Amino acid sequence: MPIRYWRHQCPGLGEHLLASAQPCACGRPVVYDGWSNTRDEAMAWFQSLFGLKATGFHASWMWRVLDGAAARCASCGGRGYFDEQDHRSCAPCPNCHGAGYTLALGADGLAARRGLVLEKYPDAAAPADLRTLEFAELVHGQRIDVRVERPLAMAG
């Protein structure tokens with residue numbers, strides 16, 4: 001489910017978004033910024049529209065290949081949602097359905113670009129037939145197991 005965000009300008013950190021209306025320790029106010037997808041929802045939308053994992057070893061190549069394949073939704077300004085009931089709820093954008101962007105390619109163009117990614121990184125494939133994003137299972141990129149060797153404690 002999308003959440004509300006507040007914009008804040010903090011000295012030293014610059015402008016950033018917060019998921020809470022609580023005042024910052026710096027004393028500067030937060031300004032309501034609207035509804036948007038959480039990170040996981042944004043990844044689910046990406047997976048649903050492109051049929052690719054949003055993260056992984058393939059990501060830098062994928063972003064180059066997909067450059068220009070999608071455009072920020074003009075109706076909602078890339079938010080995906082419209083504010084309702086004085087910030088208490090939201091409604092999905094009728095143009096992008098909550099994604100925040102629309103595809104700029106036809107099915108053939110999208111399939112060709114997806115194919116370029118999968119040719120180089122076959123493990124980047126993810127199911128695109130997510131019926132409802134609320135209950136979708138995200139497929140993440142490969143995990144790297146890092147093992148830290150710790151020296152044995154010396155006997156005293």
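The values are calculated or read from the model by the stated rules, or taken from the named source; none is laboratory data. The structure displayed is predicted, hence computed values, not measured ones. Positions of Cβ are generated from backbone atoms using ideal geometry, with glycine treated the same way; all protein chains shown enter the neighbour counts.
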Residues satisfying the stated conditions in the stretch 21-47, i.e. over 24 Å from D83 (Cα atoms) and outside any loop (DSSP other than H, G, I, E, B): Q47
Looking for something surrounded by 12 or more Cβ atoms within 10 Å (Cβ to Cβ) and either under 22 Å from the mean Cα position of the chain (by Cα) or in contact (Cβ under 8 Å) with a residue 60 or more places away in the chain (or both) - is there at least one such residue anywhere in the stretch 21-29? yes
Among the residues of the stretch 98-124 satisfying the criterion of being in a helix (DSSP H, G or I) and in contact with a strand residue (DSSP E or B) (Cβ under 8 Å, 6 or more places away or on another chain), which is surrounded by the most Cβ atoms within 10 Å (Cβ to Cβ)? A124
Could you run through the stretch 80-97 and say how many residues are at pLDDT 90 or above and either basic (K, R) or not in a strand (DSSP E or B) (or both)? 6
